[in-house]
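Accompanying notes for the structure given below.
The values are calculated or read from the model by the stated rules, or taken from the named source; none is laboratory data. Only a predicted model underlies this, so the values are computations on that prediction, with no experimental measurement involved. Every residue, glycine among them, receives a Cβ derived from its backbone with ideal geometry; neighbour counts consider all protein chains shown.
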Amino acid sequence: MAGTSLADLAAAAAVATEPTIISAALPKPGGVDPLGLRQINFDLMDQVFPGLNNVARHVRPFVLVTWAWRRAKQLAENRRARQLPVDHLRDFVDRIEVIYAWSQFLRDPMADLPGRQVLNPLIQADRWVFGGSAWQKRRETRRYSTAFTAPVNYGPALKTLGWVLPHREHSDVLLASEASQPALDAFEAKIADRLDHPAFSKFGKVVVTVQEAQSWAEGWALDRITEVERSVMARMLFGSGAPDTRRNGGALMLAATKHVGGADEQEIRRAMAGLPSAFTPSTELLQARDAWRRIQVRQLFRFALEALFYWTLSQLIEGPRSTGALVDAFLLHAGRPMDGSARKWLGNQSFSGMGPIELINDIETSLATSSHPDLTQAIATALSFSIAEAPEHGQLFERADRLPLARARREAEAWAEQPARDFVRHILESWVLAQHVYWSVGRGLADARARGKTILRLKVVLEEDGWTMAPGATLRNPPRPTPDRLQTAITLSQECGLMA
């Protein structure tokens with residue numbers, strides 16, 4: 001239901017004669033990026049694995065969606081109509097997506113596809129009518145969330161990997177690329193048994209039964225792609241059809257896989273990131289290795305600050321605390337001398353045998369323990385390591401208000417000769433609390449202007465007694481490292497036969 005506009009409120013106030021009870025506003029707690037730091041992570045990932053995301057990790061959905069657009073175009077041409085509404089084409093593609101997902105969830109309830117929860121009523125149904133108001137509502141619900149072509153799923157990668165091209169006149173219409181045609185032909189040969197069914201051969205309202213969906217499941221199963229599909233995706237992913245950046249990132253990953261002797265994601269990530277790993281890539285891959293390490297160091301820095309924010313919230317559960325009290329509590333348990341300069345506090349540790357992956361693991365382990373006994377030590381070590389490895393200069397996409405590492409390094413250098421306690425206070429006040437308030441309020445205002453989400457992002461407020469939990473805020477799940485597309489690259493490489 002749409003929210004009440006300011007004009008509506010003004011009109012209601014003009015005719016009101018007495019106070020009125022209104023329903024309470026109940027925004028949902030949320031905000032997966034409480035400090036606004038994660039966009040830099042994603043931008044850095046584009047320097048190693050551009051065009052990939054953390055969701056589009058199977059070959060068959062790429063083929064399925066591309067084939068559906070080609071099939072829709074063929075059906076439109078066969079009708080010889082002068083003009084066919086664009087929504088007829090989209091409706092056909094949406095139908096094919098849903099029938100496919102339905103059949104695969106019937107085959108395997110845990111199939112790695114978007115929309116299992118949204119499609120649950122369909123999975124349980126005996127038949128489904130693809131037409132009418134219920135179907136239109138489901139289409140609208142899926143379009144920007146669980147549809148394969150949604151921006152958060154396979155949509156962007158379909159274009160960046162080269163499976164589809166945008167129509168020159170209709171932005172909502174996609175065209176199968178020339179490079180994808182062999183894969184589409186091989187796929188179509190596998191599903192020849194159903195092409196005469198109305199669901200695959202006509203526009204408009206059609207009915208599909210659960211028995212039909214089940215009978216189609218094996219023929220286009222998620223894990224049974226053809227050799228032609230494999231070769232086409234391999235070429236698009238890391239072969240001649242890929243940009244140099246992604247091709248080098250893939251070569252680095254495959255070389256690291258050989259070095260570790262397996263496909264364990266964490267071991268590959270660690271090897272790709274350089275020291276303390278003994279893996280040394282070939283000269284032409286050193287630039288990709290350095291770019292990957294920058295991602296992991298930034299990941300460590302971001303994760304350490306979000307963990308510090310989480311620790312701060314845990315300190316406020318019992319009641320308000322001043323900044324000074326929070327700083328003292330952090331320093332007391334950080335395992336470092338509290339006297340001396342910020343330089344001494346940052347450099348009071350040897351990083352021998354440590355790398356960004358190891359330090360991320362230390363924070364994760366501490367967060368997984370109920371009382372978090374070693375969390376402040378893990379955070380302090382991570383911050384010291386991140387600042388030590390921070391570049392002198394940032395990159396163009398690293399906005400200052402997202403706290404790039406180059407800015408953190410400059411500020412650390414400016415505080416170097418100041419007391420350690422004052423520097424830690426700066427970290428807590430500026431890098432964590434002020435950063436959180438700035439982004440929470442900014443995003444809340446943007447949502448309000450766009451009449452978008454109603455999410456309680458602000459978790460702390462400053463009152464007379466000190467920092468306290470915002471009304472309605474709770475200590476939710478601890479932060480986690482942001483997925484860095486490596487699992488997608490591994491899964492697609494395995495399905496393409498590039499990796500065992």
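Details
- The helices (runs of 4 or more DSSP H) found entirely in region 70-186 that carry 1 or more residues being in the same structural domain as ILE225 (by TED's automatic domain parsing) and under 27 Å from THR226 (Cβ atoms) are 86-107, 120-124, 155-160.
- Selection within region 312-330 - farther than 21 Å from THR474 by Cβ and surrounded by 15 or more Cβ atoms within 10 Å (Cβ to Cβ): THR323, VAL327, ASP328, PHE330
- Single condition GLY442 does not satisfy, out of (1) more than 30 Å from GLN377 (Cα to Cα); (2) more than 22 Å from the chain's Cα centre (by Cα); (3) of a type outside the set (D, E, K, R): (2)
- From the options LEU332, LEU346, residue that is part of a helix (DSSP H, G or I), at pLDDT below 95 and more than 30 Å from PHE42 (Cα to Cα): LEU332
- Among residues of region 43-59 that are farther than 17 Å from PRO151 by Cα, those with a Cβ under 6 angstrom from a residue that is aromatic (Phe, Trp, Tyr), sequence gap 6+ or separate chain, pair up as VAL48/TRP292.
- Among residues of region 199-227 that are free of Cβ contacts under 8 Å to residues at least 60 places away in the same chain and farther than 16 Å from ASP126 by Cβ, those with a beta-carbon under 7 Å from a residue that is crowded, with 18+ Cβ neighbours inside 10 Å and aliphatic (A, V, I, L, M) at least six positions away or on a different chain give the pairs THR226/ALA186.
- Residue check, SER341 without any contact (Cβ under 8 Å) to a residue 24 or more places away in the chain and either more than 33 Å from the chain's Cα centre (by Cα) or surrounded by fewer than 19 Cβ atoms within 10 Å (Cβ to Cβ) (or both): no
- Here the condition is being in the same structural domain as PHE303 (by TED's automatic domain parsing), surrounded by fewer than 17 Cβ atoms within 10 Å (Cβ to Cβ) and of a type outside the set (Lys, Arg); of HIS393, HIS372, it holds for HIS393 alone.
- Against the criterion of being part of a loop (DSSP other than H, G, I, E, B) and surrounded by 16 or more Cβ atoms within 10 Å (Cβ to Cβ), PRO479 qualifies.
- Per-region count, region 401-426, residues over 22 Å from GLN296 (Cβ atoms), in a helix (DSSP H, G or I) and of a type outside the set (Val, Ile, Thr): 9
- Members of region 274-308 that are assigned to a helix (DSSP H, G or I), surrounded by fewer than 22 Cβ atoms within 10 Å (Cβ to Cβ) and of a type outside the set (Lys, Arg): THR283, GLU284, LEU285, LEU286, GLN287, ASP290, ALA291
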